[in-house]
Every structure is written in C-alpha cells, then in structure tokens.
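Nothing in this text is a laboratory measurement; each read-out follows from the coordinates by a stated rule. Keep in mind the model is a prediction, meaning the values are calculated, not measured. Heads up, the Cβs are rebuilt from the backbone with ideal geometry, glycines too, and the neighbour counts pull from every protein chain shown.
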Amino acid sequence: MEPLRPEERIPVVTNDNDIIRDSLASADRFAEIFERHIAAVTAYVARRVGPTASDDIVSETFLAAFRRRKRYDLTRDSALPWLLGIATKVLSQHRREQAAHWRTLQSAFAQGEPDTVDDLDRSVSRLDATSAVEDLFPRIAALSGRDREVLFLHAWGDLTYQEIAAALGIPIGTVRSRLSRIRAKLTAPPPAAPVRTMHAPRSATTHIRYTETETAHGRL
C-alpha cells in the first residue's frame, strides 16, 4: 500500500492545552493560541470598550496570557475561558474607556441606531429576557461590577456557567446565583413611574451618569 501524499493526509487537530504545553519549551507555538482566539477575544473586548480602545486591551491580554502560560490548567482543552478571564481583569484597569463606551452606547441608543439595540438585546437574550430594550440601560448600569462581568462573559463571551467559573476563578454555584439574580433584575416589571417635576432627572440618564462616575473612579 502506497503512503499518502502530504496533501492527502488528514490534519491532526491539537487542543489548546497541548499547544500551551508545547509552548513552554518552544515559545513560538503560543502564536497558534493567538490565531485561534484573537477574533473571539477582540469581539468581547470591543463590546466592553468599543473598537477604538480594544486593540491595546487585546494586546495586553495576550501578552499577559503568554507570561502566565506556565500556570494554565492543562486539563482544560479550550483556552478561551482563560483568555476572557484575563481580558476581564485587564478591562478592570481601563474603567475610563468603559465609561466612555457607555456614553457612546447611550447616545446611539437615544438615536435609535439598530446595532446598539441589537447589542443590548443580546445582553439578556441568553437569559430568556422579556424586558423591553429601553429598560436595559438603567438596569445593566445598576448591576454591580461583579454581576456585569458574569453577564457579559455569558452574553458577549458566549461562555457556559462552568467556563465563566473557570474564567473568573469562582465556584460554579456563584455563577449560577449571580446569573439568577441578574435575570431577576433585568426581567422584573418596571417600578411605578414617580410623579415628575420640572427638576426631576430622567431615570435612565441618572443611572448611566452614576455608573460612569463610579466606574471612572474605580468604585464599580
């Protein structure tokens, strides 16, 4: 029987953990992790801070991942949850960029831009949300920073409960309880509208401005 020619051979699919293990001896192999996951990490970061600020954060994420690769759990086949967990930590150091992106989203949403509506709706679509889209801004803004991290990893990072737990280094039970709490907050009936006066601020604006201030000063 004649041996297969190179073009006829079935390519061997290597898991991320194998690549990272090999990269400990040959650093160049880590480039394959970058090539596999750059699109997913960039999409997640861009939704958090916008495309303008995302490049630097993505670069920081992969640089940090390369430096920490010795600590990677080699029992995990996919490195994506690990990478998104690192990206989330890097994002916490860029609170001003996140606050600026919230302002951009708020402005675009006020003008009814379809992409912004879809982006917000996606934030709770995997949580079986029934809330109207216009309710999402103040409700997401009112979530704690830890709850928003779980929400965005689930909705924008497309991670499972177990993967979120691995990404953030928390028990899976904590992920379940946080998502349950988030679902309750995002889908609860809106409170009765207060009687407006000439000086009463709009609730959505109040929530967003509060979140911008707290986020910019590192309190959320």
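The table below lists the values:
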{"read-out": "Pair Asn15, Ala142: separation of 7 Å Cα→Cβ label points (nm)", "value": "4.3 nm"}
{"read-out": "Label-to-label distance, nm, for residues given as Arg76 and Ala31 (7 Å Cα→Cβ offset)", "value": "2.5 nm"}
{"read-out": "Peptides 74-85, 145-156, 166-177, 24-35 ordered by average Cβ neighbours within 10 Å, highest first", "value": "145-156, 74-85, 166-177, 24-35"}
{"read-out": "Full-stretch length increase - Gln93, Asp158 - with 0.36 nm per residue and alpha-carbon distance subtracted", "value": "21.2 nm"}
